[in-house]
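Just below is one structure, and these are the notes that go with it.
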Amino acid sequence: MNSAESVLSVRELRVEITRHDRSVAPVDDVSFDVGRGEIVGIAGESGSGKSLTLRSIIGLSPPFATVSGSMRSDPRGDGLTDHDPRALRGKGVSFVFQEPLSALSPTKRIGDHLELAIRSAHRVGREEARRQSIELLTSVGVPSAAQRARMWPHELSGGQRQRVVIALALATEPRLLLCDEPTTALDVSVQDQILSLLLDIRADRGLSVVFVSHDLAVLNQICDRIVVMYAGRVMETGPTTEVLSRPRHPYTEALIRSIPSMQKSDGPLPSIPGQPPDPDHFPGGCRFAPRCPHAVAECASASHQLVDAGARSTACIRADRLYGS
């Protein structure tokens, strides 16, 4: 993607964590772009570095972490500039957390959360903030919004709380929304409603979204492009439909094969052998090689490099031989 068309451009992102005189880099050499009005998914197993990548964009990495690399963003629509996470937090960029009950203060009513965000961003009076908060709750599908605004977080269902968190993220009118597995704790029907809501918000507001999930079915439903991460590195990127229908990296292929299918209900569910490596002991070469059924000796020493093939990129040195050019 041309960086001029992006609202966010991340290049060679590295997050290094130092504790007790030891340093590890659970995120290393991560690069991707997010286009205007585009939803980009970041996929991978737990521990792949996807959530840490997302939090680094908004300056929420651990206090003992060092973030390096290049990030540029376009918070006002007038071109990419150096990205200042702290300056843009809650303004040009907003965050939707995985667990809404933890994201909402138990000591504030729903309306108080929204009114505080609106007044901070727009400098309006209390009555106007209250009116806008009810409008926001209505826009994200919260029924009886005026009544719900007077309730406490624990009085709402999980799906309603997640809608409130999305409304809270939209209160500052951001151009980029970062979603960290926002549907993981929800049942399937509510999950579908939240995904539909995000698609509607994208259409209505022209928002760009980065959506982190381990669930490829969810990413297939909502994302335009996908970034597949493993052990802190990008393994493959490309349009979602192409990546999931014709993967060009064995890790992506293994993730897809592990998705439950109604058509293949007999026999055990295929799984990826072994476990993701601990950041303290990342292997050399391709980090997926110890678990890869297609690995050869060269994989253990190959340098990590994403090779472009049109709109697709893969870090597998055997991609052409395994999947064709």
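The values are calculated or read from the model by the stated rules, or taken from the named source; none is laboratory data. As the structure is a prediction and not an experimental result, all values here were calculated from the model. A quick note on method: Cβ atoms are made from the backbone with ideal geometry, for glycine too, and the neighbour counts reach across all protein chains shown.
Figures for the structure shown
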quantity	calculated
Filtered residues of segment 65-99 (kept if small (Gly, Ala, Ser) and assigned to a strand (DSSP E or B))	ALA65, SER68, GLY69, SER70, SER73, SER94
Of residues in segment 164-194 being of a type outside the set (Asp, Glu) and farther than 28 Å from ASP112 by Cβ, the one farthest from the chain's Cα centre (by Cα)	SER189
Condition met for ARG89 (under 21 Å from ARG205 (Cβ atoms) and surrounded by fewer than 20 Cβ atoms within 10 Å (Cβ to Cβ))	yes
Members of segment 151-185 found to be of a type outside the set (D, E, K, R) and touching a Phe, Trp or Tyr at 6+ places or on another chain (Cβ under 7 Å), listed by number	VAL165, ALA169, LEU178, CYS179
Pair list, Cβ < 6 Å and 6+ apart or interchain, from segment 150-164 residues that are more than 20 Å from LEU178 (Cβ to Cβ) to residues that are at pLDDT 95 or above and in a helix (DSSP H, G or I)	MET151/ILE110
Which numbered condition ASP112 fails, given (1) within 17 Å of the chain's Cα centre (by Cα); (2) closer than 19 Å to ALA167 by Cβ; (3) modelled with pLDDT of 90 or more; (4) surrounded by fewer than 21 Cβ atoms within 10 Å (Cβ to Cβ)	(1)
Odd one out for PRO174 among (1) out of contact with any strand residue (DSSP E or B) (no Cβ under 6 Å at 6 or more places or on another chain); (2) buried (at least 21 other Cβ atoms within 10 Å of the Cβ)	(1)
Among residues of segment 276-296, those that are in a loop (DSSP other than H, G, I, E, B) and under 22 Å from the mean Cα position of the chain (by Cα), counted	5
The listed residue being at positive phi, free of Cβ contacts under 8 Å to residues at least 40 places away in the same chain and not β-branched (Val, Ile, Thr), out of GLY125, GLY59, GLY111	GLY59
Complete set of residues in segment 34-64 that are part of a strand (DSSP E or B) and surrounded by 21 or more Cβ atoms within 10 Å (Cβ to Cβ)	VAL34, ILE39, VAL40, GLY41, ILE42, ALA43
Options SER120, SER133: the member that is part of a helix (DSSP H, G or I) and touching a Gly at 6+ places or on another chain (Cβ under 6 Å)	SER133
Enumeration of residues in segment 297-311 that are part of a loop (DSSP other than H, G, I, E, B), modelled with pLDDT under 90 and not aliphatic (A, V, I, L, M)	GLY310
Listing of strands (runs of 3 or more DSSP E) fully contained in segment 200-241 that carry 1 or more residues being closer than 17 Å to ARG257 by Cβ and at pLDDT 95 or above	225-230, 233-239
Residue match in segment 93-108 (condition: small (Gly, Ala, Ser), at pLDDT below 95, crowded, with 16+ Cβ neighbours inside 10 Å and within 13 Å of VAL210 (Cα to Cα))	yes
Count of residues meeting criterion [basic (Lys, Arg) and either at pLDDT 95 or above or more than 25 Å from GLN221 (Cα to Cα) (or both)] in segment 145-192	2
